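Novice: Okay, here's the structure, questions in a sec.
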Amino acid sequence: MPDNPATSAIDASRTSYGDEDFSRFLRRAFLASSGYDDVDLDRPIIGIAVTTSSYNTCHRDMPALVDAVKRGVLEAGGLPLTFPTVSLGEILTSPTSMLYRNLMAMDTEEMIQALPMDAAVLLGGCDKTVPAQLMAAASSDKPVLLEVVGPMMTGQWRGERMGACTDCRRLWAGHRAGELDAAEIAEARGELVTTAGTCAVMGTASTMACMTETLGMMLPGGATPGAATGERLRHGTATGRRAVSMAREGAPLPREVLTRAAFDNAIKVLAALGGSTNALVHLLAVARRAGVELELADFDTIGAKVPLLVDCKPSGSQYLQDFHHSGGLPALLKVLEPELDTATRGIAGQPLSELLGDVPERQDWQTTILPLDRPLGPAGALAVVRGTLAPNGAVIKTSAASPRLLQHTGPALVLEADQDIAAVLDDPDLDVTPDHVLVLRSAGPRAAGMPEAGALPIPKKLARQGVRDMVRVSDARMSGTSYGTVVLHCDPEAAASGPLAVVRNGDLVRLDVENRRLDLLVEEDEVQRRLGEYSPPPLPERGWRRLYAETVLPASQGADLSFL
Ligand code: FES
Ligand code: MG
C-alpha cells in the first residue's frame, strides 16, 4: 500500500460511480491546493483525530501533542492528515457528556472509514472522549492507535496540595457545611484546576487511559505522563512513528488487540486502581463492539481477586503525578504480572510478557503502587450487587465508600431526576435522618442519558450536623472523582419500568455488599401492583435525543445504541 501510487489510500476509496480515474484526479487536484504533491501522497497516510475545543479545557495543550504526533509520522515516512471530531469536555457539556459518547463514537468511526487513511491516531483525554474513541476503534477495520493528553498537575492552597476533582467535591462539601466561607472557596477555586490536562486523580479520564494502555490500544507508558511534560510529547512522537509501521503492515487491527484476555487484564487493573465506576459501562460497550462476550458480573468475579494497589484519590490519598513518578501503568502491570495473561499483544506488537521483561521489579520508592502482599485495600474495590431493587445489577465502588454503611437497611427518601433536588435537600425541615437511603431515579440512560448525578449531596441539615456519607441508590452514574456509599447504574432503570420506578418514601431498602445484594423490602405482589400503575416518561420529540432514547441499551450492556 505505501510507496505505491496505485494503491495509496488517497486513491483507494470509491466515490466516482463510473469514472474512478476522474475521482483520483480530483482528489489529487484538491490536495494539490493544500500543497501536497505525489511525493507526499504516495506515502502511508495517517489520519489524526483532533479533539481540541474551547469547551474542553482538559485538551487545551492538544495542539502541541498534534505537532508531536505529526513529527513522528513524518520521521517514519508517512503523511499526517488531521481531522476534527466531536469533542466532549466533561464540565461544559449538558445535560451530560454521556448522552454524546455514542455520537462521538459514531462520528469517529465513520470518519476513519470515510476519509482516506491507512491508519488512525485518535487523540483524546477527557472522560468520554477515550471511551468513544475505543468504541470507534473496535468497530474499525483499519489499524488504530489511541493517545491521550495526560493528567494535569496539582496545585496548592494554604499549604495543602489539591487537584481536580476529588478536592473540588471535598472543599465544596466543606463550604456546604459552613466550614469555608464564600471568599475562601473562591480563593481555593484558582488552585483546583491549575494546568491543561485531565483531572489530577484516578477519575474516569485517567482510569480509561489506564484501561486503554492495558488493553493494548496505546503504546506502553502512555497513560500517565502529565499534559505539560516533554514525556507526553515524546510519547506522542513515538505514537506517530508506530502509526506508520502499522499502516505499512496493515496490522494489528483493533479486533486482534481487543481480545477477551485483554479485557480480563483490564478488569484486574481496574480493581487494582480502584478506578472509576464509569469504566464498567465503557468497557462493556467496547467489548460488545469488539465481539467479546463480557458481562457485568465478570467485573466482580474477575476483579474480586485483585486488591486495591494504587494510592490515588478518590480511593487513596495521592495524585496521578505521583502514580506516574512511581512508574505509572507499566510498574503496576509488573506488580500484577502473576495475575495477568501476558500472552496478550497490543499495538506495540510484542506480547505483554516481553514488554514487562523491560520493567524493573517494584522498589520501595514507588510508594503510590503497593505490592500484592501489602495492598492499600482489600479485593473487591468495585462490587456488582443484585436484588429486587436491581434485578440486572448495580455497581458500588466499595473502596470509596464508608465501611460501616456497606451493610445497611434504612427508609427510602425518593427524589426524581427532574425535580428541584437542591430545594429538597437544602430544606431545613426535611424529614431525613442519617439512616435514610437517598433514592434518585429517572436518571438512567433512556431517561436522561445517564448523568453523573448518583453521588447526591448530603441534605444540608445533616451536613451541618457533621454527616458526611449516607447510602445513595440510583440509575445514574457518578463522577470517577466522587466518593461515598453510592450504588449506581441500577438496571433496569426506572424509565424502563425497573423496580426503582415504584419505590416510595419510607419503603425499606437493604444494601448488603458482602452478599452482593440490593433489595427493596416490599412484597413482590405490591411491587408488581405499583408497576402496573407506572407509566414511563414520554420520549424526546426529535433529533439525537429521540434516536438515543429509542435505541440505547441498558447500563449493564454498556449503554451503546443497539444498532451499533
Ligand atoms: Fe476533563 Fe476531568 S473534566 S478529565
Ligand atoms: Mg468525570
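The values are calculated or read from the model by the stated rules, or taken from the named source; none is laboratory data. It should be emphasised that the depicted structure is a prediction, and the values quoted were computed from it without experimental measurement. As a convention, Cβ positions derive from the backbone with ideal geometry for all residues, glycine included, and neighbour counts pool all protein chains shown.
Novice: Kindly provide the set of residues from the range 14-65 that are in contact with a strand residue (DSSP E or B) (Cβ under 8 Å, 6 or more places away or on another chain), more than 18 Å from VAL121 (Cβ to Cβ) and part of a loop (DSSP other than H, G, I, E, B), ordered by number.
Specialist: TYR36
Novice: Further question on the same structure: Has the range 134-145 got any residue that is assigned to a strand (DSSP E or B) and either touching a strand residue (DSSP E or B) at 6+ places or on another chain (Cβ under 7 Å) or away from ligand 2 (no atom under 16 Å from the Cβ) (or both)? Steps first, answer last, please.
Specialist: Step one: filter the range 134-145 for residues assigned to a strand (DSSP E or B), giving 144-145.
Cutting the leftovers down to either touching a strand residue (DSSP E or B) at 6+ places or on another chain (Cβ under 7 Å) or away from ligand 2 (no atom under 16 Å from the Cβ) (or both) gives us 144-145.
Yes: one or more hits.
Novice: Quickly run through the range 483-514 and pick out the residues that are under 30 Å from GLU550 (Cα atoms) and either of a type in the set (Lys, Arg) or within 16 Å of ligand 1 (Cβ to nearest atom) (or both).
Specialist: Scanning the range 483-514 gives a single hit, ARG504.
Novice: Check THR237, THR214 and return the single one that is in a helix (DSSP H, G or I), over 22 Å from the mean Cα position of the chain (by Cα) and either in contact (Cβ under 8 Å) with a residue 40 or more places away in the chain or under 21 Å from GLN318 (Cβ atoms) (or both). Steps first, please.
Specialist: Numbers: THR214 fails: over 22 Å from the mean Cα position of the chain (by Cα).
Every option except THR237 fails the conditions.
Novice: Can you pull out the residues in the range 492-508 that are touching a Gly at 6+ places or on another chain (Cβ under 9 Å) and over 28 Å from VAL552 (Cα atoms)?
Specialist: Result: LEU508, single match.
Novice: Which residue out of VAL269, VAL257, VAL281 is within 16 Å of ligand 2 (Cβ to nearest atom), touching a helix residue (DSSP H, G or I) at 6+ places or on another chain (Cβ under 8 Å) and not acidic (Asp, Glu)? Before you say what the answer is, go through the steps one by one.
Specialist: Numbers: VAL269 fails: within 16 Å of ligand 2 (Cβ to nearest atom); VAL257 fails: within 16 Å of ligand 2 (Cβ to nearest atom).
After ruling out the rest, the residue left standing is VAL281.
Novice: With the checklist (1) under 30 Å from GLU524 (Cβ atoms); (2) free of Cβ contacts under 8 Å to residues at least 24 places away in the same chain in hand, flag the one item THR388 doesn't pass.
Specialist: (2)
Novice: Assigned by TED's automatic domain parsing to the domain that holds LYS334, within 16 Å of ligand 2 (Cβ to nearest atom) and either buried (at least 24 other Cβ atoms within 10 Å of the Cβ) or assigned to a strand (DSSP E or B) (or both), is that true of THR207? Reasoning before the result, please.
Specialist: On the way: assigned by TED's automatic domain parsing to the domain that holds LYS334: yes; within 16 Å of ligand 2 (Cβ to nearest atom): yes; either buried (at least 24 other Cβ atoms within 10 Å of the Cβ) or assigned to a strand (DSSP E or B) (or both): yes.
Yes: the conditions hold for THR207.
Novice: Identify all residues within the range 254-287 that are outside any helix (DSSP H, G or I) and closer than 23 Å to PRO445 by Cβ; write none if there are none.
Specialist: The first filter runs over the range 254-287 and keeps only residues outside any helix (DSSP H, G or I), leaving 258-259, 274-277.
The answer is LEU258, GLY275, SER276, THR277.
Novice: Across the range 77-106, what is the total count of residues that are under 30 Å from VAL39 (Cβ atoms), surrounded by fewer than 20 Cβ atoms within 10 Å (Cβ to Cβ) and either within 13 Å of ligand 1 (Cβ to nearest atom) or of a type in the set (Gly, Ala, Ser) (or both)?
Specialist: Qualifying residue count, the range 77-106: 1.
Novice: List pairs: first in the range 343-363 and closer than 22 Å to ALA247 by Cα and in contact (Cβ under 8 Å) with a residue 12 or more places away in the chain, second assigned to a helix (DSSP H, G or I) and of a type in the set (Gly, Ala, Ser), Cβ under 8 Å, 6+ apart or cross-chain?
Specialist: Pairs found: THR344/ALA261; THR344/ALA262; GLY346/ALA262.
Novice: To continue, here is another question. From the set of residues in the range 485-501 that are of a type in the set (Gly, Ala, Ser) and touching a helix residue (DSSP H, G or I) at 6+ places or on another chain (Cβ under 7 Å), which is farthest from ligand 2 (Cβ to nearest atom)? It would help to see each step written out before you state the result.
Specialist: Just the residues of the range 485-501 that are of a type in the set (Gly, Ala, Ser), to begin with: 494-498, 501.
Applying the additional criterion that residues be touching a helix residue (DSSP H, G or I) at 6+ places or on another chain (Cβ under 7 Å) yields 494-497, 501.
On the way: ALA494: 23, ALA495: 23, ALA496: 25, SER497: 29, ALA501: 27 Å.
The selected residue is SER497.
Novice: Say whether the condition of being more than 16 Å from ligand 1 (Cβ to nearest atom) and in the same structural domain as LEU284 (by TED's automatic domain parsing) is met by at least one residue in the range 170-182.
Specialist: no
Novice: Now a separate question. Could you give me the residue pairs with C-beta distances under 8 Å whose first residue belongs to the range 15-39 and is in contact (Cβ under 8 Å) with a residue 12 or more places away in the chain and under 18 Å from MET117 (Cβ atoms), whose second residue is part of a helix (DSSP H, G or I) and not charged (D, E, K, R) wherever it lies, and which are 6+ apart or on separate chains?
Specialist: Final answer for the pair search is ARG24/ILE10; ARG27/ILE10; ARG28/ILE10; ARG28/LEU41; LEU31/ILE10; LEU31/LEU41; ASP38/PRO5.
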